[in-house]
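The values are calculated or read from the model by the stated rules, or taken from the named source; none is laboratory data. None of these values were measured; they are calculated from a predicted model. For neighbour counting, all protein chains shown are included, and Cβ atoms are generated from backbone atoms with ideal geometry for every residue, glycine included.
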Amino acid sequence: MALKETIQRLRDAGGDREEPAALVTRWQGAVSGLYDAIAAWLKPFVDDGGIILERRLKPMHEAATGAYEIERLDIEVGTETVRLDPMGTVVIGARGRIDMSRLGSGDPLFQVLAGPAEQPGWSIVQPSARSRSTPLTKESFETALDALLTAYDLGTDPRL
């Protein structure tokens, strides 16, 4: 009987799906709001010239939504750039995913995830510890940004 109940529940919920255009609009607004928060957190560093923030449009295509454009955010610090790059809104376990990585370093060191509907908000997750997430705050973002900027610095890498 379990399969029959599951099929009925999914059939009944089928009409509750968010329209693709609404998904995209919600996602674009959430990403833009996150970037606004990051800009506010980093404002003292931007004001003193230590950081440059640049938003650029990126084309996206998801099977569930079709084609759309969304902003990515580059955080430039001297010769280094950390990029926040939206990967999509239709992901398992979250309402969207943004990869945060230092350009030229390969795989993202951190991933920023939008929280599930039951817990709206942003969390930050390290790919090496996906089972743990930390609420995204000014402090946790600054810690992640600092870790990315110093992770590949020969002078600070403890493995060398």
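For the reader, a short list of remarks on this structure follows.
- Taken together, the residues in the stretch 62-80 that are modelled with pLDDT of 95 or more and not aliphatic (A, V, I, L, M) amount to 6.
- Cβ-Cβ distances below 8 Å connect the following pairs, each with a first residue in the stretch 70-91 that is at positive phi, a second residue that is part of a strand (DSSP E or B) and buried (at least 16 other Cβ atoms within 10 Å of the Cβ), and a separation of six or more residues or different chains: G88/M60; G88/E62; G88/R97.
- Matching residues in the stretch 46-98 - criterion: being within 11 Å of the chain's Cα centre (by Cα), closer than 17 Å to V24 by Cβ and of a type in the set (A, V, I, L, M, F, W, C): M87, A94, I98
- All conditions in (1) within 24 Å of R102 (Cα to Cα); (2) not in a helix (DSSP H, G or I) hold for E18, with the sole exception of (1).
- The residue of the stretch 123-153 that is nearest to F45 (Cα to Cα), among those that are in contact with a helix residue (DSSP H, G or I) (Cβ under 8 Å, 6 or more places away or on another chain) and assigned to a strand (DSSP E or B), is I124.
- Number of positions in the stretch 92-124 that are under 25 Å from E76 (Cβ atoms) and modelled with pLDDT under 85: 11
- Hey, P127 more than 19 Å from D36 (Cα to Cα), modelled with pLDDT of 95 or more and under 17 Å from the mean Cα position of the chain (by Cα) or not: no
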